[in-house]
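Novice: Here's a structure for you.
The values are calculated or read from the model by the stated rules, or taken from the named source; none is laboratory data. The shown structure was predicted, so the numbers you read here are calculated from the model rather than taken from an experiment. Cβ placement follows ideal geometry from the backbone for every residue including glycine, while neighbour counts extend to all protein chains displayed. Each accessible area value is taken on the protein alone, full model and side chains, heavy atoms only, with ligands, DNA and RNA left out. Shrake-Rupley method; radii C 1.70, N 1.55, O 1.52, S 1.80 Å.
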Amino acid sequence: MLIRNADLMGRLCDVRVTGGRIAAIGHLQPEEGEQLLDAGNGALLPGLHDHHIHLNAAAAARTSITCGPPAVGSADDLVAALHDAPGTEWLRGIGWHASVTGEIDRQWLDRNGPARPIRIQHRGGRMWVVNTLAAELLDIDCPADGRLIDRDTQLAAARRDPPDLAALGEAMARHGITGVTDTTPRNDDRDAEHYARCGMPQRIAVMGGPAMTDGGTSGLPVIARKLHYHDHDLPPLADLARLVAREHERDRPVAAHCVTEAELWLVLAAIEQSGPHPGDRIEHAALCSDDAMEAIARLDLTVVTQPQFLTERQAAYRAEVPPHQHAQLWRLGAFLRHGVRLAAGSDHPFGGLGPWQAMAAACNRPDGFGHDEAISPEQALALYTKPVCNAGAPSRQVEAGTVADLCLLSRPWQDVRLDLGAVRVQATIIGGRFAYQRSSSTRPQASA
């Protein structure tokens, strides 16, 4: 394949792809029978990698109703959404938050929902609320209020088959995403094998819980042990430090969910006691003080963040987070200034899937949330172009000899960078093959 008239960050040239790799870059002549793609001066970038996603949950969310903004803004809206949902069997809702609709429980759903099994997930991902019909079908110990907290393993066991991920893979390809890292804490070797067979075109890396060994027969890279604790169930420091040390002895990094200050400081203390390991990651770092940032930098950890959350949830943050901490939410610029390795992911379905909207959010912080935390378009892009198995490495580049995982945009980078949220992906190429083509203008032709 020869990609002609491609903009490589201001340099207009041709790119030849052979055997799944970039063979040459320059002013090239077509070879006989070679597939041609006219980039039309559009930016040709490394394919994007989502370093934090939950594939099964994201696929299931595609058949779920939205129970929060923008579709739902009140309790009445939620009632209407429940009754308007098609079908008569299971009804699955996502994105609910009490600050939008008020509190709901089992009895509320019985009174206000349709006569079908209902389960609605809190926006934070940890809690499901079920109605009586759902509780009976799940056949698990269900509290009177129908609120199931941290019970995803039981809910997964009650479901029949894992969701089909092919449609999700197609949707990600339309965004230019060529690789993903599934960070679900309950992943085991069977989950890795499911991801390997799921039909997604993207390259997939995984992390998981104590039952995750080497990924079984999947062949997928297992990049970390996921640690997932919350303020109400934090383990003793000594126990966590021993766990981290055991994983490091296996030559496996840890990736720790850290949203609150307590979660972050406990993990930092445990890693300091056990000694850091190359590849250790802090997931989210949603609230990070200057002192915690200095500790992250001292321990040489990688942070994988979600820039879009500040934009998506700013109303709730203004209401629930003290103003003096607003500038400490979802920080970016300060991490880079401290030399912290930084990458990004969507946390989909708990955050929006679109990486370009997240990049736009990284460059344009809402008022009052730390203007100096905003980063440049080039720095935002770099968060999504790290290698598949190393979120802390330098960003990949379009250069000869590298794997041909590429994202072609409709305009040159100097135009695109002015409005990342308006990006149009023209084509996505994975291993030298098209995973997505937007229109006839990007369809390849054979040379004469």
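Novice: Look at A255 and say whether it is in contact (Cβ under 8 Å) with a residue 24 or more places away in the chain, touching a Ser or Thr at 6+ places or on another chain (Cβ under 8 Å) and of a type outside the set (F, W, Y).
Specialist: Details: in contact (Cβ under 8 Å) with a residue 24 or more places away in the chain: yes; touching a Ser or Thr at 6+ places or on another chain (Cβ under 8 Å): yes; of a type outside the set (F, W, Y): yes.
So A255 fits the description; yes.
Novice: Another question, then. Among the numbered criteria (1) in contact (Cβ under 8 Å) with a residue 24 or more places away in the chain; (2) farther than 30 Å from C67 by Cα, which one does H324 miss?
Specialist: Unmet for H324, out of (1) in contact (Cβ under 8 Å) with a residue 24 or more places away in the chain; (2) farther than 30 Å from C67 by Cα: (1).
Novice: Given the criteria open to solvent by less than 30 Å² (accessible area, probe 1.4 Å), touching a Pro at 6+ places or on another chain (Cβ under 6 Å) and closer than 23 Å to A382 by Cβ, does L310 qualify?
Specialist: Details: open to solvent by less than 30 Å² (accessible area, probe 1.4 Å): yes; touching a Pro at 6+ places or on another chain (Cβ under 6 Å): no; closer than 23 Å to A382 by Cβ: yes.
The answer is no for L310.
Novice: Could you check region 146-241 for helices (runs of 4 or more DSSP H) lying wholly inside it with 2 or more residues that are open to solvent by less than 40 Å² (accessible area, probe 1.4 Å), without any contact (Cβ under 8 Å) to a residue 24 or more places away in the chain and of a type in the set (V, I, T)? Give the steps one after another, and end with the answer.
Specialist: On the way: elements: 152-158, 166-174, 189-196.
Fully inside region 146-241 and qualifying: nothing.
Novice: Take the residues of region 362-419 that are of a type in the set (K, R) and closer than 22 Å to I204 by Cβ: which is surrounded by the most Cβ atoms within 10 Å (Cβ to Cβ)?
Specialist: Going residue by residue through region 362-419, those that are of a type in the set (K, R) are 365, 386, 396, 411, 417.
Retained after the next criterion (residues that are closer than 22 Å to I204 by Cβ): 386, 396.
Numbers: K386: 26, R396: 21.
For region 362-419, the residue satisfying everything is K386.
Novice: Checking I282 against (1) without any contact (Cβ under 8 Å) to a residue 12 or more places away in the chain; (2) in contact with a Cys (Cβ under 6 Å, 6 or more places away or on another chain), which test does it fail?
Specialist: I282 satisfies all of (1) without any contact (Cβ under 8 Å) to a residue 12 or more places away in the chain; (2) in contact with a Cys (Cβ under 6 Å, 6 or more places away or on another chain) except (1).
Novice: Also, quick follow-up: Looking at the structure I just gave you, is P276 open to solvent by 50 Å² or more (accessible area, probe 1.4 Å) and in contact with a strand residue (DSSP E or B) (Cβ under 8 Å, 6 or more places away or on another chain)? Quick ask: steps written out before the conclusion?
Specialist: Values: open to solvent by 50 Å² or more (accessible area, probe 1.4 Å): yes; in contact with a strand residue (DSSP E or B) (Cβ under 8 Å, 6 or more places away or on another chain): no.
No: the conditions fail for P276.
Novice: Mind listing just one residue for me: the one in region 244-267 that is touching a strand residue (DSSP E or B) at 6+ places or on another chain (Cβ under 8 Å) and part of a helix (DSSP H, G or I) and, of those, nearest to L287 (Cα to Cα)?
Specialist: Of all residues in region 244-267, those touching a strand residue (DSSP E or B) at 6+ places or on another chain (Cβ under 8 Å) come to 244, 247-248, 252-261, 263-264, 267.
With part of a helix (DSSP H, G or I) added as a condition, the list becomes 244, 247-248, 261, 263-264, 267.
Numbers: V244: 22, E247: 26, H248: 26, E261: 6, E263: 10, L264: 8, V267: 14 Å.
Going through the qualifying residues, I end up with E261.
Novice: Evaluate the following for G352: is it farther than 21 Å from H230 by Cβ, touching an Asp or Glu at 6+ places or on another chain (Cβ under 8 Å) and at pLDDT below 95?
Specialist: Numbers: farther than 21 Å from H230 by Cβ: yes; touching an Asp or Glu at 6+ places or on another chain (Cβ under 8 Å): yes; at pLDDT below 95: yes.
Yes; evaluated as a whole, the condition is true for this residue.
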